[in-house]
1. Looking only at residues that are out of contact with any Gly (no Cβ under 6 Å at 6 or more places or on another chain) and closer than 14 Å to Gly7 by Cα in the range 68-95, which one is surrounded by the most Cβ atoms within 10 Å (Cβ to Cβ)?
2. Mind listing whichever residues of the range 1-50 are under 17 Å from Tyr61 (Cα atoms) and of a type in the set (Asp, Glu)?
3. Of the residues in the range 33-42, how many are of a type in the set (A, V, I, L, M, F, W, C), under 14 Å from the mean Cα position of the chain (by Cα) and exposed (fewer than 15 other Cβ atoms within 10 Å of the Cβ)?
4. Do you know which of the residues in the range 60-84 that are closer than 18 Å to Phe47 by Cβ and of a type in the set (A, V, I, L, M) is nearest to the chain's Cα centre (by Cα)?
5. Check whether at least one residue in the range 48-65 is among the acidic types (Asp, Glu) and loosely packed, with under 10 Cβ neighbours inside 10 Å, and report yes or no.
6. Yes or no: the range 14-32 includes at least one residue that is surrounded by 15 or more Cβ atoms within 10 Å (Cβ to Cβ), in contact (Cβ under 8 Å) with a residue 40 or more places away in the chain and aromatic (Phe, Trp, Tyr).
7. Does Ile33 fit the bill of being within 21 Å of Val76 (Cβ to Cβ) and either of a type in the set (Val, Ile, Thr) or in a helix (DSSP H, G or I) (or both)?
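Nothing in this text is a laboratory measurement; each read-out follows from the coordinates by a stated rule. Just so it is clear, the model here is predicted, and its values are computed rather than measured. Cβ coordinates were reconstructed from backbone atoms using ideal geometry, including for glycine residues, and neighbour counts include every protein chain displayed.
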Amino acid sequence: MESFLTGALLIWCYLILVGLRKVIRHGMLAVNIEDLLYWCVAALIIFVSAFLENNGEVRWYSAAAILLGAWVQWGVLFFLRRICIKLLKKFRNRGRMT
C-alpha cells in the first residue's frame, strides 16, 4: 500500500511542477534542471520507500505498485479535469445579461 501511495504522491508532485511551469514561464534550461531535480528526488523517495517497506530488497511487486499508483492517480485526475471542463462550459454563459 505504501508503494501505491508513493506512486500517487510522485504524480501529484510532477503535476504541481507542470502547473507552476504554466503559471511562471521558464526557459528550456530551467525546465531541464527542474526535471533533473525532480527525478533525482523521485529516485530518492522510491529508494527510501523500497528500503523501509521491503527491508532493502528489490521486489518487483513494489515497483509495480508504484507504477500502478501513479497510473491510477493520473487517470483519476484526468477524469476530474474533464468533468470540471464540462461543468465550466455548461455554466459559462449563466448569469450573463443579454
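1. Taking the candidates together, the pick is Gln73.
2. Glu2
3. Applying the first criterion (of a type in the set (A, V, I, L, M, F, W, C)) to the range 33-42 yields 33, 36-37, 39-42.
Next, from what is left, pick out any that are under 14 Å from the mean Cα position of the chain (by Cα): 39, 41-42.
Among the residues that remain, those that are also exposed (fewer than 15 other Cβ atoms within 10 Å of the Cβ) are: 39, 41.
Result for the range 33-42: 2.
4. Among residues in the range 60-84 that are closer than 18 Å to Phe47 by Cβ and of a type in the set (A, V, I, L, M), the one nearest to the chain's Cα centre (by Cα) is Ala70.
5. Yes, the conditions are met somewhere in the range 48-65.
6. The answer is no; no qualifying residue exists.
7. Details: within 21 Å of Val76 (Cβ to Cβ): no; either of a type in the set (Val, Ile, Thr) or in a helix (DSSP H, G or I) (or both): yes.
Spelling it out, it is not the case that Ile33 is within 21 Å of Val76 (Cβ to Cβ) and either of a type in the set (Val, Ile, Thr) or in a helix (DSSP H, G or I) (or both).
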